[in-house]
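Here the structure comes first, spelled out in structure tokens, and everything after it is commentary.
The values are calculated or read from the model by the stated rules, or taken from the named source; none is laboratory data. Just so you know, these numbers come straight off a predicted model, no measurement behind them. Using ideal geometry, Cβ is built from the backbone for each residue, glycine included, and neighbour counts are taken over all protein chains shown.
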Amino acid sequence: MNKGEYMQTLPKLIFISLTCLLVTACAGVQVRQDYAPDYDFSSVNTYAWDTGMNTSAGTSQPVPLQTQRIHAAIKRALSDRGLVESDSNPDVKIKSSYRIEQRTEYRSYPSLGFWHRDPFDHEIVSHDYEVGILSVQMVDPSSNRVIWQSEAIERVDSYMTPEERDESVRLSIQAIFKTFPPSGEKN
């Protein structure tokens with residue numbers, strides 16, 4: 001490949017690389033859902049939070065901001081579906097969690113040498129990034145079994161403002177509850 005061909009190919013390669021990066025960055029929220037098909041979701045009208053925290057002798061732990069955002073978004077989503085929060089004899093208990101995972105993405109690009117282009121020579125580029133995984137479970141209090149669960153997976157931007165974090169959680173919870181209840185009675 002001569003210098004002229006190289007100079008014509010390089011901008012195309014850069015454009016394709018940036019386009020792939022942009023498409024990947026804008027991929028949005030991925031949602032996975034599972035539920036117990038034998039459970040009658042039409043009987044679910046009330047819920048309570050299952051914090052899973054063991055507080056001893058009057059001590060309590062502060063609730064992190066992200067957990068507050070998640071709970072507020074879940075309350076809105078459940079209220080929109082006609083469910084009411086009730087600590088006395090709830091139909092289901094709600095559990096939520098949020099974690100961040102490190103991931104690595106590998107991409108292969110054809111190697112463009114100055115003197116020649118070898119079709120079998122590729123550069124492999126790795127890119128580390130973080131994803132936030134927001135999980136929500138519904139538990140039947142009488143049997144203590146999970147009857148519905150869903151999780152939203154999204155790339156994390158460490159430099160988000162509090163307002164952007166609120167919006168990200170709201171969109172994730174909206175995606176999680178989009179198909180709840182599974183049989184469609186309360187949508």
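This table checks each residue for (1) at pLDDT below 95; (2) on the phi > 0 side of the Ramachandran plot; (3) loosely packed, with under 15 Cβ neighbours inside 10 Å; (4) among the basic types (Lys, Arg).
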residue: Tyr47; (1), (2), (3), (4): no, no, no, no
residue: Thr51; (1), (2), (3), (4): yes, no, no, no
residue: Asn54; (1), (2), (3), (4): yes, no, yes, no
residue: Gln61; (1), (2), (3), (4): yes, no, yes, no
residue: Pro64; (1), (2), (3), (4): yes, no, yes, no
residue: Ile74; (1), (2), (3), (4): no, no, no, no
residue: Ala77; (1), (2), (3), (4): no, no, no, no
residue: Asp87; (1), (2), (3), (4): yes, no, yes, no
residue: Val92; (1), (2), (3), (4): no, no, no, no
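List, please: which pairs have Cβ atoms under 8 Å, are six or more places apart or on different chains, and start with a residue in the range 143-166 that is without any contact (Cβ under 8 Å) to a residue 60 or more places away in the chain and end with one that is surrounded by fewer than 17 Cβ atoms within 10 Å (Cβ to Cβ) and part of a helix (DSSP H, G or I)?
From residues that are without any contact (Cβ under 8 Å) to a residue 60 or more places away in the chain, the pairs are Asp157/Glu164.
Which numbered condition in (1) surrounded by 14 or more Cβ atoms within 10 Å (Cβ to Cβ); (2) at pLDDT 90 or above; (3) part of a loop (DSSP other than H, G, I, E, B) is the only one that Asp38 fails?
Of (1) surrounded by 14 or more Cβ atoms within 10 Å (Cβ to Cβ); (2) at pLDDT 90 or above; (3) part of a loop (DSSP other than H, G, I, E, B), only one is false for Asp38: (1).
Being in a strand (DSSP E or B) and of a type in the set (S, T, N, Q) is the filter here; which residues of the range 126-185 pass it?
At the first step, the residues of the range 126-185 found to be in a strand (DSSP E or B) are 126-140, 145-155.
Matches in the range 126-185: Ser126, Ser135, Gln137, Gln149, Ser150.
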